[in-house]
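All remarks here apply to the structure that follows.
The values are calculated or read from the model by the stated rules, or taken from the named source; none is laboratory data. Everything numeric in this text was worked out from a predicted model, so none of it was measured. All Cβ positions, even for glycine, are placed from backbone atoms using ideal geometry, and neighbour counts span all protein chains on display. Accessible surface is based on the protein model in full, side chains and every heavy atom, while ligands, DNA and RNA are left aside. Shrake-Rupley method; radii C 1.70, N 1.55, O 1.52, S 1.80 Å.
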Amino acid sequence: MSTEIGALTIRELENLFVPTLRNCTKLTQLKKIHARIVKFSLSQSNFLITKMVDLCEKSGEVEYAGLLFEQVVERNVFLYNAMIRVYAHSNTCSLAMVLYKQMLRHIKAENPIIPDRFAFPFVIRSCGGLLCIDLGRQVHGQVCKFGPKSHSITCNGLMEMYIKCGSLTDAQKVFGEMSERDVISWNSLVSGHARLGKMRRARELFDEMPGKTIVSWTAMISGYTRIGCYSDALDIFREMQILGVEPDEISIISVLPACAQLGALEIGKWIHIYSDKNGLLRSTSVCNALIEMYAKCGCIDPALQLFNQMLERDVISWSTMIGGLANHGKAQKAIEFFREMERAKTEPNAITFLGLLSACAHAGYWSEGLKYFNSMRKDYRLEPEVEHYGCVVDLLGRSGRLDQALQMIKKMPMRPDSKIWGSLLNSCRIHCNLEIAIIAMEHLLELEPDDTGNYVLLSNIYADIGRWESVSKIRKLIRSKSMKKKTPGCSLIEVDNMVEEFVSGDDSKPYTKDIFSMLDLLVSRQNLTDDLIDFIQEE
């Protein structure tokens, strides 16, 4: 009887602290409450320590949660679950796995601690965070041994873990064995296939999926955009609109790169208006994506206007604007933006300098370009990458400083790629420098032996300096090797919010005959106009 009263008294004491803990929001308050708990000899209370660990999770006090956990001698499953959850949410996944292994040691104890459905989702999440598929498979086996037969949260966690580790086969197997699938299950599998570029299978699952959400649509849009299928991304976006699914911030950020790549300006404008009406322009990420879309679609003025209206600008905002101005030939404006960025105390990154160096290259500002290139290391501790060296080589080559450009290539800490040697070869053609052109060509033959474009450039250099015998030899070489262009030329046109792509040599489109008939008509009219002009001049 006395034991029952003692137990009841402890429970009552524990309950006294619950309202205080519920209202606790700061670590200083929690420490005071902890001191009172120790004073009442309740420091070994699993119930109260679990409550305090939960509070630490909400406030991000991982270290203090660990101290609380370690002081308890005999821990129960609830305290273990709470602490594993803290480590999983704070991305200290290795510590979560250490605790899980401790739990497993208590399975055969007098008072066994067996992992349950509250522990497994966070243990599985930690395996995914560690990208350790072997560990994940071991935990999967223990789920089958100790866990419930079918638990959607645990199964969804297993699918996400396998997808993170790159095993769609295992994820598909878990999905197939689930007795009940919710929308998260479907979204996980669709997103997984999309993330790994398996868009055909992702589309099959998407079409089969009941009750699609905005997450499902966004996964498809971002998946198509990631692998360069921009038209398919826009088709999904249009289908989403037809069905009345309203885009959110993430779906808009996912579809705008497709608009930028295809030059789908009208769709991009509609997204801008929609974002404005729905308060999405408060998001810096949405504004950044819109600025990039306008810049790539050739509309730098709306990009500037939006940039000036932004509430907050980050390094991506500045870098996108500087790069856009550079591509539009506004080098001086790009440099002014960089100076303004420095005054705004926004730290530039590698992409910022790429846009800046590109602006200097297009405008022929070779001295400014070299100054900014050297500033990367000196002022911002940024190590130039191959793209930055490429910009400087292009800058020096365009300015006629071919010897300096060649020396820059020789001093590169990494191996120059074909783009850098191609840029130098192109500069040699502009400035008729055969000696350096041959050096560049030797490296290009090693990197791209079958690229006809390099041979054509060298042939043009020989033609410019009147060495027709060499021109003839190169043309014979091209014919003997049966070289072909790697990528056929293509063009895109937007009509009535639909983007059509035309590829050189492709006659598979249903309206190809109509197009060629119209072209023949235009050519015949042009010839007729030319004949008429010649006749009038003779008169």
Calculated FRET value between N15 and I214, using beta carbons and R₀ = 35 Å, to 0.05: 0.25
Sorted by accessible area with a 1.4 angstrom probe, largest first, how do R226, R11, R75 fall? R226, R11, R75
With axes computed from alpha carbons, what is the tilt in degrees of helix 199-208 against the longest principal axis of the chain, rounded to the nearest 10 within 0 to 90? 60 degrees
Length gained if I273 through C432 is fully extended, taking 0.36 nm per residue and subtracting the Cα-Cα distance, is 52.2 nm
How charged is the neighbourhood of E61? Take every other residue with its Cβ under 12 Å from the Cβ of E61, and add Lys/Arg as +1 and Asp/Glu as -1. 0
When the dipole is taken about the Cα centre of the chain, and only Lys, Arg (+1) and Asp, Glu (-1) are charged at their Cβ, what size is it in debye, to the nearest 20? 2300 debye
What base-10 log of the normalised intensity I(q)/I(0) is obtained for the stretch 399-448 from the Debye formula, alpha carbons as equal point scatterers, at q = 0.13, 0.24 Å⁻¹? -0.25, -0.86
So what's the back-of-envelope 222 nm ellipticity for the chain, counting only DSSP H runs of four-plus at -39500 (n - 2.57) apiece and dividing by all residues, rounded to 500? -23000 deg cm²/dmol
At 7 Å along Cα-to-Cβ for each site, give me the label-to-label distance between I107 and S517 in nm. 7.5 nm
Using per-residue counts of other Cβ atoms within 10 Å, averaged over each peptide, order 356-369, 457-470 from highest down. 356-369, 457-470
What translational D, rounded to a whole number of µm²/s, comes out for the stretch 192-297 from Stokes-Einstein when the hydrodynamic radius is the Kirkwood one over Cα pairs, at 20 °C and 1.002 mPa s? 156 µm²/s
Compute the label zone of A350 within the stretch 310-342: residues whose backbone N is under 18 Å from the point 7 Å along Cα-to-Cβ. 315-317, 319-320, 323
With every protein chain kept in place and a 1.4 Å probe, the chain has an accessible area per residue in Å² of 55 Å²
May I ask for the angle, rounded to the nearest 10°, between helix 214-226 and the longest principal axis of the chain, with both axes built from Cα atoms and the value confined to 0 to 90°? 40 degrees
The chain: D in µm²/s via Stokes-Einstein (Kirkwood Rh, Cα pairs, 25 °C, 0.890 mPa s)? 83 µm²/s
Provide the gained length on full extension for the span D134 to R200, in nm with one decimal, where the gain is 0.36 nm per separating residue minus the Cα-Cα distance. 21.0 nm
So the angle from the long Cα axis of helix 468-481 to the longest Cα principal axis of the chain, reported in degrees to the nearest 10, equals 50 degrees
Beyond a 22 Å Cα-Cα separation, which of these cross-linked pairs lie in this structure: K51/K164; K269/K333; K39/K101; K330/K411; K330/K371? K51/K164; K269/K333; K39/K101; K330/K411
